[in-house]
Amino acid sequence: MRNRNSSSSAAGLKRGPWTQEEDELLSSYIKREGEGRWRTLPKRAGLLRCGKSCRLRWMNYLRPSIKRGQIAPDEEDLILRLHRLLGNRSTTTYHSP
């Protein structure tokens, strides 16, 4: 059950789109201290965001290992072969090497 007193608006945390400055603060902190301890990270990094927001921003947008751009033909072939073999559910949980 969710605690209503811990919502971002009640805690004075910022909501909405991230700014370039916030991205830089988050990235530099993680480069310096490493990933993890998401609950305490915002305060230590000087961000007015919740830990979950920081974790999601890092994992989905800022992480250097995120591959962006077009899917290579061999990757597309792998996805199609796995889909034929395993169906929708299993294809989305497969992690290629």
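Every number in this text was worked out from the coordinates using simple rules, so none of it is lab data. Fair warning: this is a prediction, and the values are worked out from it, not measured in the lab.
Table for the structure above
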| quantity | calculated |
| --- | --- |
| Phi to ³J(HN,Hα) by Karplus 6.51 cos²θ - 1.76 cosθ + 1.60 over segment 27-39, Hz, x for Gly, Pro | 4, 5, 5, 5, 4, 6, 10, x, 6, x, 6, 5, 5 |
| Nonlocal amide H pairs with Leu13, under 5 Å, H built at 1.01 Å | none |
| Hull volume in cubic angstrom per residue (convex hull over the Cα atoms of segment 17-66) | 71 |
| Reachable lysines, given that their alpha-carbon falls under 21 Å from the alpha-carbon of Lys52 and they are not under 8 places away in the same chain | Lys14, Lys31, Lys43 |
